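**Q** A single structure is presented below for examination.
The values are calculated or read from the model by the stated rules, or taken from the named source; none is laboratory data. Quantities reported herein were computed from a predicted structural model and do not represent experimental measurements. Virtual Cβ from ideal backbone geometry, glycine too; neighbours counted across all protein chains shown.
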Amino acid sequence: MKLQLIDQLADLANARRPAAMVTDLASGAQQIVSANMAEGAIADAIAADRSGEVLIDGRKCFVLVRNPNPRIIIVGAVHITQGLAPMAVLAGYDVVIVDPRGAFATAERFPGATLSQDWPDEALSALQPDTRTAVVTLTHDPKLDDPALVVALRSPAFYIGALGSKKTHAARVDRLLGHGFTDAEIARIHGPAGLDIGAKSPAEIALSVLAQLTAARHQKPTSR
């Protein structure tokens, strides 16, 4: 295994570009295949985030997958976020908390977290949500949540969730229709965010959101 190829694979992951190194087990030949170029068994392995032996054109090959870490972008440094952020880290996610309100997004409230005090649309545009990114808006403030949702809906994020009642979500849908989104596009938003587990406390709501987005990541249908 060439060190240069390992470094190349690591660089792709750091750039949040899913890829795999494919080794022909008979000849020892190796190549790097990025997700956008992958087909068949290689594409399946990258999508499943699972390394292993596969058959490619009748040849036994080993596919070593190196995907970027799954990531959650949380808009709103609120009480629910104080539960969701550490839970998500334990589940293996990179967490970014976006809130332009300096009194909320502080290192004291979120020790060790990656914080952004940029306006949500600017922050998300810079972060570029991808197929391994979930976006969750928790502020209840349309001035903060809506700009983030606009960027998220134009991205391939695997999960988009927005906190709020059904009435709040209906008003949100009307506003997003005004931005030119279709009903089908807006239907990507899980609103209210989270599985219906009877959650009451901020920690329980955080748990329900993490469960729902984890199901979405693994493409398991859930009731909403």
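**Q** Would you point out which residue out of Thr168, Thr139, Thr106, Thr114 is polar (S, T, N, Q) and either buried (at least 19 other Cβ atoms within 10 Å of the Cβ) or in contact (Cβ under 8 Å) with a residue 60 or more places away in the chain (or both)?
**A** Thr139
Here is a yes/no grid of residues against (1) in contact (Cβ under 8 Å) with a residue 24 or more places away in the chain; (2) surrounded by fewer than 17 Cβ atoms within 10 Å (Cβ to Cβ); (3) aliphatic (A, V, I, L, M):
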site: Asp24; (1), (2), (3): yes, yes, no
site: Asp44; (1), (2), (3): no, yes, no
site: Ser51; (1), (2), (3): yes, yes, no
site: Trp119; (1), (2), (3): yes, yes, no
site: Leu127; (1), (2), (3): yes, no, yes
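**Q** Does Ile74 meet the test of being under 25 Å from Phe181 (Cβ atoms), touching a residue at least 60 places away in the same chain (Cβ under 8 Å) and surrounded by 20 or more Cβ atoms within 10 Å (Cβ to Cβ)?
**A** Yes: the conditions hold for Ile74.
**Q** State yes or no: is Leu144 at negative phi and either in a helix (DSSP H, G or I) or under 18 Å from the mean Cα position of the chain (by Cα) (or both)?
**A** yes
**Q** Restrict the check to the stretch 81-92 and report whether at least one residue is closer than 30 Å to Leu144 by Cβ, under 23 Å from the mean Cα position of the chain (by Cα), part of a loop (DSSP other than H, G, I, E, B) and assigned by TED's automatic domain parsing to the domain that holds Phe158. Quick ask: steps written out before the conclusion?
**A** So the first thing to find is which residues in the stretch 81-92 are closer than 30 Å to Leu144 by Cβ, and the list is 81-92.
Filter once more, keeping what is under 23 Å from the mean Cα position of the chain (by Cα): 81-92.
Filter again for part of a loop (DSSP other than H, G, I, E, B), leaving 91-92.
Filter once more, keeping what is assigned by TED's automatic domain parsing to the domain that holds Phe158: 91-92.
Scanning the stretch 81-92 turns up at least one residue that is closer than 30 Å to Leu144 by Cβ, under 23 Å from the mean Cα position of the chain (by Cα), part of a loop (DSSP other than H, G, I, E, B) and assigned by TED's automatic domain parsing to the domain that holds Phe158.
**Q** Still on this model: Looking at (1) over 18 Å from the mean Cα position of the chain (by Cα); (2) in a loop (DSSP other than H, G, I, E, B); (3) not β-branched (Val, Ile, Thr), can you tell me which one Leu64 breaks?
**A** (2)
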